[in-house]
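Where a number appears in this text, it was derived from the coordinates with a stated rule and is not lab data. What you see is a predicted model, and the numbers here were worked out from it, not measured in a lab. We place every Cβ from the backbone using ideal geometry, glycine too, and count neighbours over all the protein chains shown.
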Amino acid sequence: MSPLTITSFQAATGPVLEITGDLDYATAPELRQTVDSLNLASGQLLVLGLAGLDFCDSSGISALLAARSTATGRGGDIALAAVPANVIRILRIVGLDQVLTVHPDVSAATAPGPATR
């Protein structure tokens, strides 16, 4: 089990959270709290960089959906970046790759221009 680490920085498009470790039942509340405490303005994009994500269970997926709900509820949007193969597989199985925008890396997600799925 890898401890969850969330680091944040501000990009021109909005806040970026780099998530490493395990996103599961025990750690999903930490992501929810972090997202809830963000200063996300209307029109901004919240990017979740997942390159260091080792494991994600259903609670983690639920936390990602809660982050989407928070972002859209504040008039913003959300994108995932550098999603590991095991997680993208899960997103595809449950159809969330059609709901969440996925980019190959954080740089692509924060590049100016329209979002793509």
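Calculated from the structure, semi-axes √(5λ) of the Cα gyration tensor in Å equals which of (1) 29, 13, 12; (2) 26, 22, 11; (3) 20, 16, 13?
(3)
Say we join alpha carbon atoms closer than 10 Å with springs in a Gaussian network model of the chain; which of ALA12, ALA28, ALA71 then has the biggest fluctuation?
ALA12
Which of rounded, prolate or oblate describes the stretch 17-75 when judged by the alpha-carbon gyration tensor and an a/c cut-off of 1.5? Before the final figure, lay out the partial values.
Working: a/c = 2.24, a/b = 1.72, b/c = 1.30.
Prolate, since a/c reaches 1.5 and a/b exceeds b/c.
Could you work out the relative contact order of the stretch 24-99, using alpha carbon pairs under 8 angstrom and six or more residues apart, expressed as a whole percent?
Numbers: 84 pairs, mean separation 29.4, N = 76.
Once divided by the residue count of the stretch 24-99, the mean separation gives 39 percent.
Just to be sure I understand: if I project the alpha-carbon convex hull of the stretch 76-115 onto a plane and average over all orientations, what area do I get in nm²? Provide the component values of the computation, followed by the final result.
Working: hull surface 11.6 nm².
Convex hull of Cα atoms, orientation-averaged projection: 2.9 nm².
Using just the helices of the chain, give the 222 nm mean residue ellipticity in deg cm²/dmol: DSSP H runs with n ≥ 4 each add -39,500 (n - 2.57), and the total is spread over all residues, rounded to 500. Working shown, then result.
Working: 4 runs with 40 residues, N = 117.
The per-residue figure over the chain is -10000 deg cm²/dmol.
Could you tell me how many degrees, from 0 to 90 and to the nearest 10, lie between the Cα long axis of helix 28-37 and the main elongation axis, the longest principal axis, of the Cα atoms of the chain?
Approximately 20 degrees, to the nearest 10.
Under 15 Å from the 7 Å Cα→Cβ point of MET1, by amide nitrogen: which residues of the stretch 23-42?
Taking a point 7 Å out along Cα→Cβ of MET1, the residues of the stretch 23-42 whose backbone N falls under 15 Å are 23-30.
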